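Let me begin by presenting the structure, written as structure tokens, before commenting on it.
Just so it is clear, none of the values below were taken in a lab; they were calculated from the coordinates. Source: prediction; values computed, not measured. No Cβ is skipped: glycine too gets one built from the backbone with ideal geometry, and neighbour counts run over all protein chains shown.
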Amino acid sequence: MIGLWIILGIAALILIWAIATYNRFIILKTRAEEAWADIDVQLKRRYDLIPNIIETVKGYAAHEKGVLEEVTKARTAAMAAEQSGDPARAAQAENALSGTLKTLFAVAENYPDLKANANFLELQRELSDTENKIQSARRFYNTNVRDFNIKTKTFPSTVIAHLFHFDKQEFFTLADAPQERENISVRF
């Protein structure tokens, strides 16, 4: 009789542990999804600013049509990649967009009137602020993904992770090319 109570007690403890571990995975996964949504919000803000910057530059740099088209294409590609939900694809597209923005701001250097334009300066400030918010959102997302991934790999929670198919999530990282790791530098 005592042996049966011991077995039932151990089974109850294992069941409580399994439920708590499962719930922890749900919490961690939800936090990572929330963090991805935060990145989405900031990227949308960035995508909304870019056409305004392009229109402002167009008025001053009409013969720089190729640069403006490249920024527009990169923006469209980044929006599509971000909607895919694949952090690796989104990061690659975002890096390409950042590169075209660097080119756009380099072109703007050749136009003193544009550099002094209040609207352009405000758009530049907003874009810089948005870039900082994107960086913060990426860090928050990666922290949540790290916590989730650690939980899926550590024993004994790895048993629950495999049982309920909680798979490793991808970090939102920069490309491996050194030039992609440079910050956007906007100087006027």
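So here's what we get for this one:
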{"read-out": "Of every Cα-Cα pair in segment 2-181, the percent that sits beyond 22 Å", "value": "57"}
{"read-out": "Dipole magnitude of segment 1-146 about its Cα centre (Cβ charges: Lys, Arg +1; Asp, Glu -1), debye to nearest 20", "value": "500"}
{"read-out": "Gain upon complete extension [W17, E170; 0.36 nm per residue less C-alpha separation]", "value": "52.4 nm"}
{"read-out": "Difference of contour (0.36 nm per residue) and Cα-Cα distance, R24 to V159", "value": "47.3 nm"}
{"read-out": "Using alpha-carbon coordinates, inclination of helix 87-108 to the longest axis of the chain, degrees", "value": "20"}
{"read-out": "12 Å Cα cut-off, lysine pairs counted over segment 2-181 (separation 8 or more, or different chains)", "value": "5"}
{"read-out": "Cα long-axis angle, helix 65-83 against the chain (0 to 90 degrees, to the nearest 10)", "value": "10"}
{"read-out": "Selection from T130, N110, I2 lying farthest towards where the dipole of segment 2-181 points positive, charges on Cβ", "value": "I2"}
{"read-out": "Calculated SAXS-style log₁₀ I(q)/I(0) at q = 0.16 Å⁻¹ - segment 84-166, Debye, Cα scatterers", "value": "-0.79"}
{"read-out": "Longest DSSP-loop-exposure-free segment, trypsin sites (Lys or Arg not before Pro), the chain, at most 11 other Cβ within 10 Å", "value": "1-167"}
